[in-house]
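Q: For reference, the structure I am asking about is given below.
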Amino acid sequence: MSEIKFGIEFLPTKKVSKLVDYSKLAEEAGVDYIWVTDHYNNRNVYASLSAIAYATNKVLIGTGVTNPYVINPCWTASAIATIDEISGGRSILGIGAGDKITLESIGIPWTKPLTSVREAVEIIRSLLDGETVKYEGKIFKIKGARLNFKVKRRIPIYIGAQAPKMLRLSGYMGDGVLINASHPVDFEYASKHIKEGLEERTEKPDFFDIVAYTAMSIDNDISKAIEAVKIVVAFIVGGSSPMILQRHDIDENKAEIIRNTIAKGDFGGAMQLVDDNMIEAFSVVGTPKDIINKVEELRKMGVTQVVAGSPIGPKVKDAIKLYGEVIEAFK
Ligand code: F42
């Protein structure tokens, strides 16, 4: 069975200096990958990655995930290549379709997400390979683009995917896939589609990273860990498609009530509506021992990287240290 790597997700909602502290702690805890989310209304992802790059030595760092709508792929290629230079060859690029509601709120129509991601990845890969890009796509028309500096290594590109065609696309053209999921049944589903994409590829990769990008909450006190994850699970349940809810035996009416409660701004109320089944379906939660068991289950499903996503734990710094215990158990 394949080895498993460990990542952590940071949201630049707090000052970059805090993110840098967390990143140093994560590196000390043995984390292999730091993924920083990209939303225009948080601190900028590349400015954050740049600060993290200077403060760390070994950990791989990247966007988790950027999108091709707010930022043109040519700009993204330059940005991630710059991070690679600053970090001494430690960058990774995560790209996805972005969030419809946020994009539309800033006047960007969320059209053809699959095509947009596919075209963006093709353009970015070619630019990083040092090519002059002329591209006549459905979304992007590039007359002649080229980076004025050389990228020293092949920067891995990961695609954020949950839905079937996007999962297949990740297998077809990515180096890995970031799947927002926590439960083995979701990976059973995802594997099928990723495999189809991998089979369509003419040049098979030596390794394809299947990443469980999951809500995680670690604490020695399990009840505190559960309490901290409830609001994240409420948002996931509220935002999940009927197909995903059915897969986890979650009543669509309950999900709708949670969605409406969140929409009213009643987060406490939404948390109270979250039940054990929802927590089990959409998060990895508990003491380090509980997390180790869950990671082992995911590893058996073919997951090759686990990412500790929000909230990480009731106390983030303590949770990062406890995550180190989990990582140690797999070394
Ligand atoms: N989004 C952010 O904005 N910021 C983040 O930091 C972020 C992090 C993140 C981490 C992991 C992860 O998995 C996702 C993350 N996301 C983040 C969300 C991400 O950007 C995507 O929104 C998310 O992954 C949704 O992708 P999805 O796999 O659910 O795919 C959607 C777009 C979908 O509908 N896919 C369909 C499918 O079957 O795969 C395909 C739709 C399709 O075919 N569209 C056609 C096309 O050409 O694009 C057009 C169809 C038509 O009718 O026009």
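Q: If we scan the stretch 232-241, do we find a residue that is within 15 Å of the ligand (Cβ to nearest atom) and in contact with a strand residue (DSSP E or B) (Cβ under 8 Å, 6 or more places away or on another chain)?
A: Checked against the condition, which is being within 15 Å of the ligand (Cβ to nearest atom) and in contact with a strand residue (DSSP E or B) (Cβ under 8 Å, 6 or more places away or on another chain), the stretch 232-241 yields at least one hit.
Q: Is there any pair linking a residue in the stretch 59-80 that is closer than 28 Å to Glu27 by Cα to one that is among the basic types (Lys, Arg), with Cβ under 6 Å and at least six apart or on different chains, and which?
A: Short answer, once both residue conditions are applied: Leu60/Arg90; Ile61/Arg90.
Q: Checking the structure you have, find out if any residue of the stretch 40-51 is within 16 Å of the ligand (Cβ to nearest atom), in contact with a helix residue (DSSP H, G or I) (Cβ under 6 Å, 6 or more places away or on another chain), modelled with pLDDT of 95 or more and small (Gly, Ala, Ser).
A: Let us first name the residues in the stretch 40-51 that are within 16 Å of the ligand (Cβ to nearest atom), namely 40-49.
Now restrict to residues that are in contact with a helix residue (DSSP H, G or I) (Cβ under 6 Å, 6 or more places away or on another chain): 43, 46, 48-49.
After this cut, where a residue has to be modelled with pLDDT of 95 or more as well, the list is 43, 46, 48-49.
Subset that is small (Gly, Ala, Ser): 48.
Looking through the stretch 40-51, at least one residue is within 16 Å of the ligand (Cβ to nearest atom), in contact with a helix residue (DSSP H, G or I) (Cβ under 6 Å, 6 or more places away or on another chain), modelled with pLDDT of 95 or more and small (Gly, Ala, Ser).
Q: Which one is surrounded by the fewest Cβ atoms within 10 Å (Cβ to Cβ) among residues in the stretch 88-112 that are more than 20 Å from the chain's Cα centre (by Cα) and farther than 11 Å from Arg153 by Cβ?
A: Once the filter is applied, the top-ranked residue is Gly107.
Okay, residues lined up against (1) of a type in the set (Ser, Thr, Tyr); (2) within 17 Å of the chain's Cα centre (by Cα); (3) closer than 20 Å to Lys141 by Cβ; (4) outside any strand (DSSP E or B):
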residue: Pro68; (1), (2), (3), (4): no, yes, yes, yes
residue: Ile71; (1), (2), (3), (4): no, no, yes, yes
residue: Trp75; (1), (2), (3), (4): no, no, yes, yes
residue: Ala81; (1), (2), (3), (4): no, no, no, yes
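Yes or no, residue by residue, for (1) within 15 Å of the ligand (Cβ to nearest atom); (2) part of a loop (DSSP other than H, G, I, E, B):
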residue	(1), (2)
Arg154	no, yes
Tyr158	yes, no
Gln162	yes, yes
Leu198	no, no
Ile210	yes, no
Tyr213	yes, no
Met216	yes, no
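Q: Checking the structure you have, find out if any residue of the stretch 263-275 is closer than 18 Å to Tyr189 by Cα, touching a Gly at 6+ places or on another chain (Cβ under 9 Å) and modelled with pLDDT of 95 or more. Explain how you work it out, then say what you get.
A: Our first condition is that a residue be closer than 18 Å to Tyr189 by Cα; within the stretch 263-275, this holds for none.
Checked against the condition, which is being closer than 18 Å to Tyr189 by Cα, touching a Gly at 6+ places or on another chain (Cβ under 9 Å) and modelled with pLDDT of 95 or more, the stretch 263-275 yields no hits at all.
The values are calculated or read from the model by the stated rules, or taken from the named source; none is laboratory data. None of these values were measured; they are calculated from a predicted model. Because the Cβ atoms are built from the backbone with ideal geometry, glycine has one as well, and the counts that use them run over all protein chains shown.
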